[in-house]
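Visitor: To start, I am sharing the structure in question, which I have written as structure tokens.
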Amino acid sequence: SQQGEEDPQALSIQEGENATMNCSYKTSINNLQWYRQNSGRGLVHLILIRSNEREKHSGRLRVTLDTSKKSSSLLITASRAADTASYFCATALRSGGFKTIFGAGTRLFVKA
Amino acid sequence: DGGITQSPKYLFRKEGQNVTLSCEQNLNHDAMYWYRQDPGQGLRLIYYSQIVNDFQKGDIAEGYSVSREKKESFPLTVTSAQKNPTAFYLCASNPGTNYGYTFGSGTRLTVV
């Protein structure tokens, strides 16, 4: 797998359901970030979780980080049609200075 | 409002031409980045700059050039040496390590 690889590649759910996306990485990180991208637009920063943190919340978003398994998950609760977008995880490498690597993303489709 | 402005939104390049993509930020961020996104894929780092008058190559710098003469501006030139330039180009900035990125709305470049 590549650094910052999301799973699943695509996810389709009904409005009101929860959506869970996972991210795995290979090398030690300073932090891990989640972003949202609507079609044809720039990315929007959602949450940053540092390597010494295990869980963070922001509104309907919950991010967990397990450094022993080199994985993270993004949970969106009570999803809405407006949550339809691609979601990317990005890892800031511990040895990479300012270098952050983005995964290929999970495409989420929320049906009204 | 603070943010990043990319222009133009759409750009068409003829074979053998150099074109320059503009990126301006008024966030007072030290670091700026250029990423390339191909359909259905993640972002790949082209160049980044941590301070004025200094920049480093990313993973796919060949065929591209940048300058950082002012803190607010980080233009990207796609040269004729870039053989497959058709892509979505995203500029981003952040204050430094352990901060998320703020992205512009992107420039879609097409070779005609």
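Visitor: Could you say whether any residue in the stretch B:65-80 is in contact with a Phe, Trp or Tyr (Cβ under 9 Å, 6 or more places away or on another chain) and either under 25 Å from A:Glu5 (Cβ atoms) or loosely packed, with under 14 Cβ neighbours inside 10 Å (or both)?
Guide: no
Visitor: A follow-up question, please. With out of contact with any Cys (no Cβ under 6 Å at 6 or more places or on another chain) and within 11 Å of chain A (Cβ to nearest Cβ) as the only criterion, which of B:Asn94, B:Asn26, B:Asn53 stands out?
Guide: Sole residue among the options that is out of contact with any Cys (no Cβ under 6 Å at 6 or more places or on another chain) and within 11 Å of chain A (Cβ to nearest Cβ): B:Asn94.
Visitor: Sticking with this one: Kindly establish whether A:Ser39 is touching a Lys or Arg at 6+ places or on another chain (Cβ under 8 Å) and at pLDDT below 95.
Guide: no
Visitor: Could you list, in sequence order, all residues of the stretch A:71-97 that are at positive phi and more than 14 Å from chain B (Cβ to nearest Cβ)?
Guide: The answer is A:Ala78, and nothing else.
Visitor: Still on this structure, please answer the following. If you go through the stretch A:32-40 one residue at a time, do you hit one that is without any contact (Cβ under 8 Å) to a residue 24 or more places away in the chain, of a type outside the set (Ser, Thr, Tyr) and not in a strand (DSSP E or B)?
Guide: There is at least one residue in the stretch A:32-40 that is without any contact (Cβ under 8 Å) to a residue 24 or more places away in the chain, of a type outside the set (Ser, Thr, Tyr) and not in a strand (DSSP E or B).
Visitor: Hey, which of the strands (runs of 3 or more DSSP E) in the stretch B:50-112, taking only ones fully inside, have at least 1 residues that are without any contact (Cβ under 8 Å) to a residue 24 or more places away in the chain and β-branched (Val, Ile, Thr)?
Guide: The strands (runs of 3 or more DSSP E) meeting that bar number zero.
Conditions (1) within 14 Å of chain B (Cβ to nearest Cβ); (2) in a loop (DSSP other than H, G, I, E, B), marked per residue:
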position	(1), (2)
A:Thr27	no, yes
A:Glu53	yes, yes
A:Thr64	no, no
A:Lys69	no, yes
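For (1) without any contact (Cβ under 8 Å) to a residue 60 or more places away in the chain; (2) more than 16 Å from B:Ala92 (Cα to Cα); (3) not in a loop (DSSP other than H, G, I, E, B), each residue gets a yes or a no:
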| site | (1), (2), (3) |
| --- | --- |
| A:Leu46 | yes, no, yes |
| A:Thr91 | no, no, yes |
| A:Ile101 | no, no, yes |
| A:Ala104 | no, yes, no |
| A:Phe109 | no, yes, yes |
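Visitor: Here is a list: A:Ile13, A:Ile47, A:Ile29. Which entry is more than 18 Å from A:Val110 (Cβ to Cβ) and either at pLDDT 95 or above or under 14 Å from the mean Cα position of the chain (by Cα) (or both)?
Guide: Working: A:Ile13 fails: more than 18 Å from A:Val110 (Cβ to Cβ); A:Ile29 fails: either at pLDDT 95 or above or under 14 Å from the mean Cα position of the chain (by Cα) (or both).
From the options A:Ile13, A:Ile47, A:Ile29, the qualifying one is A:Ile47.
Visitor: Considering the stretch B:1-57 alone, what residues qualify as being surrounded by fewer than 18 Cβ atoms within 10 Å (Cβ to Cβ), of a type in the set (S, T, N, Q) and within 30 Å of A:Pro8 (Cα to Cα)?
Guide: Selection gives B:Gln41 alone.
Visitor: What residue, of A:Ala10, A:Ala90, A:Ala78, is of a type in the set (Gly, Ala, Ser) and within 18 Å of B:Leu45 (Cβ to Cβ)?
Guide: Details: A:Ala10 fails: within 18 Å of B:Leu45 (Cβ to Cβ); A:Ala78 fails: within 18 Å of B:Leu45 (Cβ to Cβ).
Criteria check complete, one pass: A:Ala90.
The values are calculated or read from the model by the stated rules, or taken from the named source; none is laboratory data. It should be emphasised that the depicted structure is a prediction, and the values quoted were computed from it without experimental measurement. With ideal geometry, Cβ positions are generated from the backbone for all residues, glycine too; neighbour counts draw on all protein chains shown.
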